[in-house]
1. Which one of HIS13, PHE89, THR41 is farthest out on the positive end of the charge dipole of segment 1-111, using unit charges on Cβ (Lys, Arg +1; Asp, Glu -1) and the Cα centre as origin?
2. At 0.36 nm per residue, and after removing the present C-alpha to C-alpha distance, how many nm does the segment from ASP102 to ARG47 gain when stretched out fully?
3. Which one of GLY106, THR64, PRO28 has its Cα pushed farthest toward the positive end of the charge dipole of segment 1-111, where Lys and Arg give +1 and Asp and Glu give -1 at the Cβ?
4. Please figure out what share of the DSSP beta bridges in segment 120-219 is antiparallel and state it in percent, rounded to the nearest 5.
5. How much length is gained if the chain between LEU200 and ASP135 is pulled fully straight, taking 0.36 nm per residue apart and subtracting their Cα-Cα distance, in nm to one decimal?
6. Placing +1 at every Lys and Arg Cβ and -1 at every Asp and Glu Cβ, with all other atoms neutral, what dipole size does segment 1-67 have around its Cα centre, in debye to the nearest 20?
7. Let me make sure I get this right: for segment 99-219, a, b and c are the square roots of the gyration tensor eigenvalues over alpha carbons, sorted descending. Under 1.5 in a/c it's rounded, otherwise prolate if a/b > b/c, else oblate. Which is it?
8. Let me spell out the model: positive unit charges on the Cβ of Lys and Arg, negative unit charges on the Cβ of Asp and Glu, origin at the Cα centre of the chain. What dipole size does that give, in debye rounded to 20?
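Read the figures in this text as sums done on the coordinates, not as results from a lab. Bear in mind that the values here come from a model prediction, so they are computed numbers and not experimental data. Here the Cβ positions follow ideal geometry from the backbone for every residue, glycine too, while neighbour counts run over all protein chains shown.
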Amino acid sequence: MIFIKNMLRLSAHQPFASGEERDVYLHPEDDGKCIKISNVTPPEDFRPENLRDWLFWVTRGRNTGYFDINYTDDLFYQQLGQRNDPEVFKHIPKCYGLVDTDLGKGLVCELIQNEDSTPCTTMKQYIQKHGAISDGKVIRAIDDFLNWLVEKNIILREMGGTNTFFQYSKNGAVKLYHIDAVGCLDLIPLANYWDWFSRLRIKIKINHLRRRKIRIKKS
């Protein structure tokens, strides 16, 4: 292996979390950050094998980077940063760009955990444990998160499962974070060009989330 100056060494460590497309490691030099390593990086000679992937590839200017979730997340975070509005990062971790590691390119992100440094509870875990939601703090946290999506025009994917976290402070306050799958990856990404269409897509996603995954216990 050829080591690059300032390359971060991750191979001697175990990921603390893994998903379908990425493994996540603690940053070896900053305990407030993590590094996401993609395990589906397309090769340089990549060519789509089916019609949907071919259309997706063509509508992205034949840029194979769009098949790498680290590339797309970094791109969308850069676009959010260009808004010069810190509130766009209210419910998603800050992103610090791509770095070289001995496992390949890694995306450096803020590490989201509870104030006491314990792991956050995913929405999937919370619903499996509690069923219908009755805690007023949790209900208000969900409403704040969903209102923020519309107000700031933020498109997120795969909401409500293992990517959406409840973060607890020491005084019991609750805040929602969505830690993965940021931005529009529709086959034809109209939401990237028209704000009205983007907000329509967001409202559809919110309605789906409320109807399929969030049950509020009636008083």
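1. PHE89
2. Difference between extended and current length: 17.2 nm.
3. Farthest towards the positive pole: THR64.
4. Taking every DSSP beta bridge with both residues in segment 120-219, the antiparallel ones total about 90 percent.
5. Details: separation 65, 0.36 × 65 = 23.40 nm, distance 2.90 nm.
Net length gain for the segment: 20.5 nm.
6. The dipole magnitude comes to about 200 debye.
7. Oblate shape, in that a/c is at least 1.5 and b/c is the bigger or equal ratio.
8. On the way: 32 positive and 28 negative charges, 256 e Å.
Using only the charged Cβ atoms, the result is roughly 1240 debye.
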